[in-house]
Amino acid sequence: MVSGSRTRVEALPNIGPKLAAALRAVGVADAETLRERGSEAVWRDMREQGLFDDATSLQALEGAVRGMRWHDLDRGLRARLVEIAGDPEHENGFEADAS
C-alpha cells in the first residue's frame, strides 16, 4: 500500500493488474514515480527484466503518464513509440511534448 497522497498505478488509464505488477517489479509503485521517471525509461527497465517489451505497453505507459487511453495519443507520437519499441537499443527516444 502506498502511504500519503501517492496515487496507485492501477488508478491510471491503461494500467491493469499485470502491467501494475511489472511496474512494481522495476520500482514504480505509484503514478508520481511513473511520471517522474517517464514512460520510456520505465519501459526500458521492464524490457531489461524480461517483462513487457512491446509497442502497446510503451504506448500504454505514455498514455498513463498523460492521463489518457493509449489509443487517444497523437498519431505521430504513437508511431514514434512503435518505432522505439521496434528498435529499443536506439538511444534517442522521443521527446514528450507538453500537450
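Exactly one residue out of G76, G63, G27, G50 is without any contact (Cβ under 8 Å) to a residue 24 or more places away in the chain and assigned to a helix (DSSP H, G or I), and it is G76. Among the residues of the stretch 55-80, the ones that are among the acidic types (D, E) and open to solvent by less than 70 Å² (accessible area, probe 1.4 Å) come to 1 in all. Scanning the stretch 26-46 for residues that are under 16 Å from A11 (Cα atoms), of a type in the set (V, I, T) and buried (at least 20 other Cβ atoms within 10 Å of the Cβ) gives a single hit, V28.
The values are calculated or read from the model by the stated rules, or taken from the named source; none is laboratory data. Keep in mind that this is a model prediction, so the values were computed, not measured. Cβ sites come from the backbone with ideal geometry, for glycine too, and all protein chains shown count toward neighbours. Side chains included, ligands, DNA and RNA excluded: accessible areas come from the protein's heavy atoms. Shrake-Rupley method; radii C 1.70, N 1.55, O 1.52, S 1.80 Å.
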